[in-house]
Amino acid sequence: MSDSAAGNDQDDGSGPGLRKIIHVDMDAFYASVEQRDDPSLRGKPVAVGGDGPRGVLSTCSYEARRFGCRSAMPSVTARRLCPDLIFRRPRFAVYTAISRQIRAIFRDYTPHVEPLSLDEAFLDVTEDMKGIGSATRIAELIRARIRAETGLTASAGVSYNKFLAKLASDQNKPDGLCLIRPGEGAAFVAVLPVRRFFGIGPRGAEKMAALGIATGADLAACDIIFLRTHFGSQADYLYRAARGIDLRRVKAHRPRKSLGAERTFDKDISSGSTLREVLERIIAITWDRIEAGGTRGRTVTLKLKHADFSNLTRARSLAQPVADRAQFAAIGHALLDEVLPLAQPVRLLGLILSQLDGEEDATPAPVGGDAQLSLL
């Protein structure tokens, strides 16, 4: 393992039959954009998200993270940890424009770019367009261009598969680079806490801890029968990950699984008329995203979260994709009518379109029942 540049192919993880994969991850992306655009915020703890009693942090600056603040944390908790925390509302139009600018930089080096979100992507540079030959050098050039053209910093991981490259990009954050060479993957993974593995959230880590599994080495010591007994369909993924093995290819046209929007209320709502008004706004936001994405889907799902955090969903699937906004809205309202009047107030309402055109799912499912946080 190294955080320094290497100028030859072998150092880049390009041994026979191996690929050169880069994972680029912007540093505290939304918060960094806010600090860039408002110099008075630089060097201060900044959070992007709602500041109300039901607000949640989308992300926060590294100054805020020193106090224990983190993404997906309730705003009230973050405020308690960092009383001087400065909140900014998300500006997704700005973040999206910058994301497109960054992806254009990626595509100067390879057509094989798989975005995971607005602020991170995998790149396969096994055969790079500029003939540079060194994945580490390409990662350095990309990071330098991002800084020069956007005023933001990015961290990068370089390795011979996606799993290791993603782990590496997090290793030297912020504004860092980490290289995992061939033959180093298993050793790199062995010392990591299992919570660092993609797909293993807090509940999954708790389940593993109860089984005596704390690190990659502990996981590698488990045979496949044991893993299948305790983790079912995730056993094969865990077995390979513990050995630094990942056979997935970078998919340049990775389809989204769903598009949607949701609203968390400052006060619990039980009024049907109020929920219908909110649903109209959610429908407008979601359909704008559907139109922007140029896709259609066949399943509409209404999501409600009660005051006790229990979830209630209703879904309707069609034989053909939803035709237009009017049909999407009609289905959404019909699903809401099915659950009215409410048995108890709700704190969140959302509407999601899934089974999108060309949908496929090659992402490991969460381990131990953990839900993956995503921007719908």
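The values are calculated or read from the model by the stated rules, or taken from the named source; none is laboratory data. None of these values were measured; they are calculated from a predicted model. Glycine also receives a Cβ, built like all others from the backbone with ideal geometry; neighbour counts cover every protein chain displayed.
Residue pairs whose Cβ atoms lie under 6 Å apart, separated by 6 or more positions or on different chains, with the first residue in the stretch 143-161 and farther than 30 Å from R240 by Cα and the second surrounded by 23 or more Cβ atoms within 10 Å (Cβ to Cβ) and not hydrophobic (A, V, I, L, M, F, W, C), are L152/S32. Of the residues making up the stretch 88-114, those that are more than 27 Å from L41 (Cβ to Cβ) and not in a loop (DSSP other than H, G, I, E, B) are F106, V113, E114.
Among the residues of the stretch 290-320, which ones are in contact with a Lys or Arg (Cβ under 6 Å, 6 or more places away or on another chain) and either surrounded by fewer than 16 Cβ atoms within 10 Å (Cβ to Cβ) or of a type in the set (D, E, K, R) (or both)? Let's see the steps before the verdict.
Initially, the stretch 290-320 is screened for residues in contact with a Lys or Arg (Cβ under 6 Å, 6 or more places away or on another chain), giving 300, 302, 305, 307, 311, 313, 317-318.
If the condition is that a residue be in contact with a Lys or Arg (Cβ under 6 Å, 6 or more places away or on another chain) and either surrounded by fewer than 16 Cβ atoms within 10 Å (Cβ to Cβ) or of a type in the set (D, E, K, R) (or both), then K305, A307, N311, T313, S317, L318 are the ones that fit.
Could you tell me whether G350 is outside any strand (DSSP E or B) and of a type in the set (G, A, S)?
Working: outside any strand (DSSP E or B): no; of a type in the set (G, A, S): yes.
When the stated conditions are applied, G350 does not pass them.
Only residues that are in contact (Cβ under 8 Å) with a residue 60 or more places away in the chain, buried (at least 19 other Cβ atoms within 10 Å of the Cβ) and either β-branched (V, I, T) or assigned to a helix (DSSP H, G or I) (or both) were counted across the stretch 208-251, and they come to 7.
Kindly state which strands (runs of 3 or more DSSP E) lie completely within the stretch 1-76 and contain at least 1 residues that are at pLDDT below 95 and closer than 29 Å to R248 by Cα. Steps first, answer last, please.
Values: elements: 21-26, 46-49, 57-60.
Answer list for the stretch 1-76: 57-60.
The number of residues in the stretch 195-235 being among the hydrophobic types (A, V, I, L, M, F, W, C), touching an Asp or Glu at 6+ places or on another chain (Cβ under 8 Å) and under 21 Å from Q171 (Cα atoms) comes to 1. S270 satisfies every condition listed in (1) free of Cβ contacts under 8 Å to residues at least 60 places away in the same chain; (2) surrounded by 14 or more Cβ atoms within 10 Å (Cβ to Cβ) except (1).
Every condition in (1) closer than 30 Å to T110 by Cα; (2) modelled with pLDDT of 90 or more; (3) among the basic types (K, R) is met by R256 except one, and the failing one is (2).
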